[in-house]
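The next block holds one structure in the form of structure tokens; read it before the comments.
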Amino acid sequence: MKYCVLIFVALMTGLGAQAQGLERVRWGLAMADSLNGARVEVVETPDAAAALSDLKWIEGGSKMLVYGVLLFSDNTQNARENARSVAGRFADIFPETVVEVSYESPHFKVTAGKYIDKIDAIALCGKALPHFTKAVVIQHEIANPTKQF
């Protein structure tokens, strides 16, 4: 449990690349809970710090490059419905993996996974290929979820 909290905190706070935000979260977690006095101590390991510093931030830290799997891309008349169908099928087969339908004119796209490491995306692509024969590893931008800190 302690490691789950540590990983969550490291991801949510470290992604912002803002020491001030990380310190605020550490301070908040270190405060004793009013009901039972529980508190959390956050320790950043050197390998976690190195992994966070290797993230590929762009546009002043508001977006980041991640790897995923492109399952579907189409601009035909039925592209929206087909994209939703592909996303639903993927979610049924791989319920633990994030799948998204997006529209980038003129294409509807279905992507799965958001990985910092390309190896993870390659592994997902290998699992998806028997079900989605056009699956391919891609790199794309996502918004920084910690910019609100």
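Here, each number is a calculation from the coordinates, and none is a lab measurement. Small disclaimer: the values here were computed from a predicted structure and weren't measured. Don't worry about glycine lacking a Cβ; one is built from the backbone with ideal geometry, like all the others, and counts go over all protein chains shown.
Available extension along the chain between D74 and R39 is 7.6 nm, counting 0.36 nm per residue and deducting the alpha carbon span. Give me the net charge for the shell around S102: Cβ to Cβ below 13 angstrom, other residues only, Lys and Arg +1, Asp and Glu -1. Value of the local net charge: 0.
Reported to two decimal places, what Rg/Rh ratio describes region 63-143 when computed on Cα atoms with Rh from the Kirkwood expression? Kindly include the intermediate steps, with their values, before the conclusion.
On the way: Rg = 11.9 Å, Rh = 12.6 Å.
Here Rg/Rh amounts to 0.95.
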